[in-house]
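Written out below as structure tokens is the structure these notes cover.
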């Protein structure tokens, strides 16, 4: 009788499936196909139900026009004006007044988007929340930072199995990151 080789798919070594081989009995092949199908269904359901915990980001700025220019140049995107909801509209002299420019977004898609936000309620600077932007290769975005008026704090570095990242300072003094898988 041939030796049966075992492998693990998707879940790790706790779930073991026999590797299909031409000399395996038909019942074993059927068993294997059913288990693989069950595992693929489980994997797909897990992907469909796991959601990113972040849904919105507001980056505080002092100069909205300057920050807009920086992010559009570095990320090669277009930001758009975003009016506050009717129930949040206040006069310009009110301490709760704010202006926002929105990053491109698909509000029904996965991931997160957000805005640049000028407000007395939030001030830009080092030491606050760190936002990482998606990149195909973070070295590309980092290469645009200085020309756009910011400065590179940390060049592209390896995160091992988690990809790569780099850190920059925007024109408002916020530290931001770029993350890529290559």
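What follows is calculated from the coordinates using simple rules that are stated; it is not laboratory data. Nothing here was measured: the structure is a model prediction, and the numbers come from that model.
Observations on the structure shown:
- Beta bridges per DSSP, both residues in segment 56-180: antiparallel share near 70 percent.
- Normalising by residue count, segment 55-182 has a Cα convex hull of 111 Å³ per residue.
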